[in-house]
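Student: Let me give you the structure first, and then I'll get to my questions.
Since every read-out is calculated from the coordinates, none of them should be taken as a lab result. Predicted, not measured: the structure shown is a model, and the values here were computed from it. Cβ atoms come from the backbone with ideal geometry, glycine included; neighbour counts cover every protein chain shown.
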Amino acid sequence: MKELLEKLPFYNQAVLPYHLGQSVVAGTKYGWPAKKLKVIGVTGTNGKTTTCFMIWNMLNAAGHKTGLMTTVAWGVDRLEKQIEHMTTVDAFTLNHRMNKIFEAGAEYLVLELTSHALVQFRALGVPIEVAVFTNLTHEHLDYHKTLENYRDAKRKLFKKAKYGVVNADDPSGKYFAMDVDEYIMYGIKQGDLRAEKVKLEANGVKYTAKFAGGRKGKYASGDILIKTRIPGEFNVYNSLAAVGVGKRLGLTNKQIADGIYGLKDVEGRMNLVDEGQDFTVIVDYAHTPDAIQKVFDSVRGTGKRIISLHGGAGRRDETTRPERGEILGKESDIVIVTEDDSRDEDVQKIANGFVEGAEKVGKKMGKDLFVELDRRKAIRKAFEIAKKGDLVLVLGKGHEKTILRADGEHPFEDLKVSREELRKLKEAK
């Protein structure tokens, strides 16, 4: 029934009073727990989760007990898996977990916030000490209708923040900076906090963070050598955002550098899967055009033949499907189109959008383009095709523990299934 109602015009606007009421009741029930914490809110299209983990690890390593609530996990010292298929959970779950984090003795909370959550009042009663903007690209236009609406939904976080940490290299960054009295802009090309002498390595990134000071020259200048254990140019930006937060909260350069380097990985983000096979397997959550392109950018130059596997979610912005298919087709030697959370939408119809994009750039069905609508079988097919030295990219679901099909929710983990299929392949040889 809900799926049918959601297709009605103005449904999203009509239910906003319900969301507001739910948030008021939830906040009241749990005593507005966010007001007892110093909250760092992180928003943007891509990079939110990794940025949150970097900030969380950095603050804890510096001796500040800090809670975390992200797409992947939540908690303080011991993180619980996030099983919901959403980044920012509903108001009752959100307030319940924030209360648990407060009761665990946390001083800070690093909270990942989506445009949906901000529009639907889920962050009601959550004061923001520092707001972080990572980037803005095409996503969720099925809900927001225009990129401007999507951007302005995310700006709601900054309108309630004391301080902003903003990506200067993103064209939308200037709008977020307008919403706070104090902010720092970070970037590679622009910004007060800038990454220089960037080195992209197989197992991470390394650069010098040059901090020229905030807009009002509040902070002393100084260079910080930053190293991460997670590869990809996008992790230069993610870690720079963490540096900006660390400086705002009074951490030393050493505490910032050590805290960022101390994060070994984030589940579902550029995770290497090694079961002794003679080819490389990486699992990543990338599911937007920008995120997918950034994964390819991070592995470019390796000289490896690339086999990519991806699919699209049902009842989500279908206009990006051909675009994603085109990126996969351009950047991969072989493309396998498969399922994601198809929900009640026809899986073949979803796949056709990706096929359209891949064929546009020259991929041929049965030669270097395949459709396998069972995700496990698709992963197995990718591994069977792979030869020594190849790179297989399993994209789209990352950390998620289930897959949503027309008949309901089924257990499914890309990391777990990849390991299982690699072991089977090894045993069969």
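Student: Diagonalise the Cα gyration tensor of the chain and give the resulting equivalent ellipsoid semi-axes, square root of 5 times each eigenvalue, largest first, whole Å.
Tutor: Square roots of five times the eigenvalues give 34, 27, 20 Å.
Student: While we're here: Under the Kirkwood approximation applied to all pairs of distinct alpha-carbon atoms, what is the hydrodynamic radius of segment 271-428 in Å? Intermediate results must be reported in sequence, preceding the final value.
Tutor: Values: mean 1/r = 0.0652 Å⁻¹.
Answer for segment 271-428: a Kirkwood hydrodynamic radius of 15.3 Å.
Student: Also: Pairing the Cα long axis of helix 16-29 with the longest principal axis of the chain, what angle in degrees results, from 0 to 90 and rounded to the nearest 10?
Tutor: In the chain, helix 16-29 runs at an angle near 60 degrees to the longest axis.
Student: So how do 51, 319 line up by other beta-carbon neighbours within 10 Å, fewest first?
Tutor: Ordered by Cβ neighbours within 10 Å, fewest first: 319, 51.
Student: Name the residues of segment 354-385 whose amide N is less than 20 Å from a point 7 angstrom out from the Cα of residue 278 along the C-beta direction?
Tutor: Label zone hits: 380-385.
Student: How would 341, 407, 346 line up from fewest to most surrounding beta-carbon atoms within 10 angstrom? Show your work: numbers first, answer last.
Tutor: Details: 341 23, 407 7, 346 11.
Going from sparsest to densest Cβ surroundings: 407, 346, 341.
Student: Same structure, new question: Given the options 349, 367, 227, state which has the largest fluctuation in a GNM of the chain using a 10 Å cut-off (strictly under) for Cα springs.
Tutor: Result: 367 has the largest fluctuation of those listed.
Student: Which whole-Hz couplings ³J(HN,Hα) result when phi for each residue of segment 186-200 is put into the Karplus expression 6.51 cos²θ - 1.76 cosθ + 1.60, θ = phi - 60°, listed in order with x for Gly and Pro?
Tutor: The phi angles translate into 10, x, 9, 8, 9, x, 6, 10, 10, 8, 10, 6, 6, 10, 8 Hz.
Student: Considering Cα pairs under 8 angstrom that are at least six residues apart, work out the relative contact order of the chain and quote it in whole percent. Please list the in-between numbers first.
Tutor: Details: 927 pairs, mean separation 56.0, N = 429.
That works out to 13 percent.
Student: Another question, if that's okay. By its C-alpha gyration tensor, with a ≥ b ≥ c as the square roots of the eigenvalues, how is segment 220-292 shaped: rounded for a/c under 1.5, else prolate for a/b larger than b/c, else oblate?
Tutor: Working: a/c = 3.12, a/b = 1.99, b/c = 1.57.
Prolate.
Student: Label points 7 Å out from Cα along the Cβ direction at residue 264 and residue 252: separation in nm?
Tutor: Result for the modelled spin labels: 2.6 nm.
Student: Taking 0.36 nm per residue of sequence separation and subtracting the Cα-Cα distance, how much length would be gained by fully extending the chain between residue 208 and residue 162, in nm to one decimal? The partial results should precede the final answer.
Tutor: Values: separation 46, 0.36 × 46 = 16.56 nm, distance 2.73 nm.
So the extension gain works out to 13.8 nm.
Student: Could you run the Karplus curve 6.51 cos²θ - 1.76 cosθ + 1.60 with θ = phi - 60° over segment 109-124 and give me ³J(HN,Hα) per residue in whole Hz, x for Gly and Pro?
Tutor: 9, 9, 10, 7, 10, 9, 5, 4, 4, 6, 5, 8, 6, 5, 8, 4
Student: I'd like the trypsin sites (Lys or Arg not before Pro) in segment 31-91 restricted to DSSP loop residues with at most 12 other Cβ atoms within 10 Å, sorted by number.
Tutor: Here the sparse-neighbourhood loop sites are 78.
Student: If we count every other residue with Cβ under 12 angstrom of residue 236's Cβ, Lys/Arg +1 and Asp/Glu -1, where does the sum land?
Tutor: Details: positive: 189, 194, 197, 199, 206, 227, 294; negative: 169, 196, 201, 233, 297.
Cβ neighbours under 12 Å give a net charge of +2.
Student: Okay, moving on. Helix 320-331 versus the longest principal axis of the chain: what is the Cα-based angle in degrees, 0 to 90, to the nearest 10?
Tutor: 70 degrees
Student: May I pose another question? Suppose every Lys and Arg Cβ carries +1 and every Asp and Glu Cβ carries -1, with no other charges. What dipole size does segment 2-261 come out with about its Cα centre, to the nearest 20 debye?
Tutor: 560 debye
Student: Still on this structure: Nearest 10 degrees, 0 to 90: what angle lies between the long axis of helix 234-248 and the longest principal axis of the chain (Cα atoms)?
Tutor: For helix 234-248, the angle is close to 10 degrees.
Student: While we're looking at this one, here's another question. Calculate the spin-label point distance for residue 197 paired with residue 29, positioning each point 7 Å from the Cα along the beta-carbon direction, and give it in nanometres.
Tutor: 5.4 nm
Student: Computed FRET efficiency, Cβ-Cβ of residue 146 and residue 420, R0 60 Å: what is it to the nearest 0.05? Present the calculation step by step, with values, prior to reporting the outcome.
Tutor: Numbers: r = 42 Å, r/R0 = 0.71.
For residue 146 and residue 420, the calculated efficiency is 0.90.
Student: For the pair residue 367 and residue 297, what calculated FRET efficiency results from E = 1/(1 + (r/R0)^6), where r is the Cβ-Cβ distance and R0 = 22 Å, to the nearest 0.05?
Tutor: Calculated transfer efficiency: 0.30.
Student: I've got another one for you. If each DSSP helix of 4+ residues adds -39,500 (n - 2.57) and the sum is divided by the residues in the chain, what number results at 222 nm, nearest 500 deg cm²/dmol?
Tutor: On the way: 16 runs with 164 residues, N = 429.
Here the helix-only value at 222 nm equals -11500 deg cm²/dmol.
Student: Please list, ordered by chain and number, the residues whose modelled amide H lies under 5 Å from the amide H of residue 132; skip anything fewer than 5 residues away on the same chain.
Tutor: Amide H neighbours of residue 132, under 5 Å, 5+ apart: 41, 42, 43, 165.
Student: Output ³J(HN,Hα) for segment 31-36: one whole-Hz value per residue in order, computed from phi by the Karplus curve 6.51 cos²θ - 1.76 cosθ + 1.60 with θ = phi - 60°, and x for Gly and Pro.
Tutor: So the J values, rounded to whole Hz, are x, 6, x, 4, 5, 9.
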